[in-house]
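The next block holds one structure in the form of structure tokens; read it before the comments.
No lab work stands behind these numbers, since they all come straight from the coordinates. Everything numeric in this text was worked out from a predicted model, so none of it was measured. Here the Cβ is made from the backbone with ideal geometry for all residues, glycine too, and neighbour counts use every protein chain on show.
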Amino acid sequence: MNTDELIDVLSTNVERVDTGKVSRTLQIVIISGLILALITGIAALGVRTDVRDPSAFGFLVLKVGFGVAVVLLGSRYLLKHVRPGGETRSWIFLTTVPFVAVMALAGVSLISAPASHWNHMMMGDRWLECLLSIPVIAVVPFAVITWTVRMAAPTNLTRTGALAGLVAGGISAVAYALHCTDDSLPFVALWYGSTIVLCTLAGALTGPRLLRW
Amino acid sequence: MNMVHAKERELRALMIRGLDGDSAAHRALLSALSGHLRAYYRNKLVRAGRGAEEAEDLVQEALMAIHTRRGTYDPAELLTPWVYAIARYKLIDHLRRSRSSQSNVPIEDALDVMAADDQAATESSLDLTKLLTRLPEKNRLAIRYVKIDGLSVVEAAARCGISESAVKINVHRGLKALSAAIAQDKRNEHG
């Protein structure tokens, strides 16, 4: 085929295109993913029963806040990365801020506690449940986000996949936080942090295959 | 450098008019870009130790990508980096598909893609008529009526007995499927 023929085909009856649709759709999908994750979490695990206790409520807010911060920062960069060339001039390392912050807080809380408490502060009662639940709840949000990103045009698939995994992991952490009764900063830093990093790595590894266009 | 900046301004204006539904501006944009893309791909393919004749396939793939994904261009940003990112992405994809060891294309100045122009088009190995036969009928007909025969969307809708928006969707999905069919072919070709 001659290139001029192709240009003829492509430029006959050109339609108007809405350039804001990509971002809008992705935002709606991320919010829908969050709602789906909340429904899954509440239906499968339930909400902790001690929310009236001020200390428990405080930790609930802290854990939800951590997840929301991860989702907001991740989404911000994901919205950039779905457009060609969006990976350049993008301060992607800022997505680590919530992790560093929660690790710093965890460090402070460990230092101010006796060493005999450290083991329980880090392992909590249900580290295994956390380790399994967050990646499992993240699957559906990751699938819907990936499906939407495929319709855009990311040009760095590893990074875009990682960001999709990060957002899905953050969404899942918010959903799990409603149920989780392990109230210590080192627990949040270690188990919430590592499971979200796991989701991010999974996204980075699958991105080049899943997001190809 | 000034020439490149003038080019950016000119092409971006065409792109924005094309996004608004201006067919003539869109045609002018694609014609201008095809020259830059051809020069870019010939240069890169030769450097990767490949034949320059593969360039025309890549030019056409990139043009289809630019057209079908133009909704991902943010009009507040420069056009050149967007075009460059697509051109480079398609080049890497091509080199990877054909199992070249040279799939590491360094990131250069995005202005590179506009630096040279080559209007000497050749035939690509892609056969539009053959590719079209592989699309679902509704998409094939929509592309034939609207994009090849040049019927208006209203006329095409009447002829197909479907709504205008359905025609638009069929054209859009058909072009995307066409891009995908080309990529699929290449993957199979090179195993």
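Structural remarks
- Sparse packing (at most 12 other Cβ atoms within 10 Å of the Cβ) combined with a DSSP loop state is found for the following trypsin sites (Lys or Arg not before Pro) in the range A:14-54: A:Arg16, A:Arg52.
- Neighbour-count order for B:Ser31, B:Ser124, fewest beta carbons within 10 angstrom listed first: B:Ser31, B:Ser124
- Ordering A:Thr12, A:Thr3 by the number of other Cβ atoms within 10 Å of each residue's own Cβ, fewest first, gives A:Thr12, A:Thr3.
- Cα centroid separation, the range B:15-67 to the range A:177-202: 47 Å.
- Radius of gyration, Dmax [chain A; alpha carbons; angstrom]: 20.1, 76
- For the residue pairs A:Lys80/B:Lys130; B:Lys7/B:Lys130; B:Lys44/B:Lys186; A:Lys80/B:Lys138; B:Lys90/B:Lys147; B:Lys7/B:Lys147, the C-alpha atoms sit more than 30 angstrom apart in A:Lys80/B:Lys130; B:Lys7/B:Lys130; A:Lys80/B:Lys138.
- Pairs of alpha carbons in the range A:1-94 whose separation is greater than 20 Å (percent): 62 percent
- Spatial extent of the range B:2-115: Rg and Dmax, with the Cα atoms as the point set, Å: 13.9, 42
- Value of Rg/Rh across the range B:37-76 [Cα atoms, Kirkwood radius]: 1.13
- Rg/Rg_globular for the range B:128-190, with Rg_globular taken as 2.2 N^0.38 Å and Rg from C-alpha atoms: 1.17
- Cα gyration tensor of the range B:43-177 - equivalent ellipsoid semi-axes, whole Å, descending: 33, 18, 13
- Label point of A:Val61 set 7 angstrom out along Cα-Cβ; within the range A:176-213, amide nitrogens under 20 Å from it belong to A:176-189.
- Short-range pairs are left out: with C-alpha atoms under 8 Å and at least six residues apart, the relative contact order of chain A is 33 percent.
- GNM remark for chain B: springs join alpha carbons under 10 Å apart, and the peak mean-square fluctuation among B:Ala52, B:Ala62, B:Ala120 falls on B:Ala120.
- Here the ratio of the Cα radius of gyration of the protein assembly as shown to 2.2 N^0.38 Å is 1.16.
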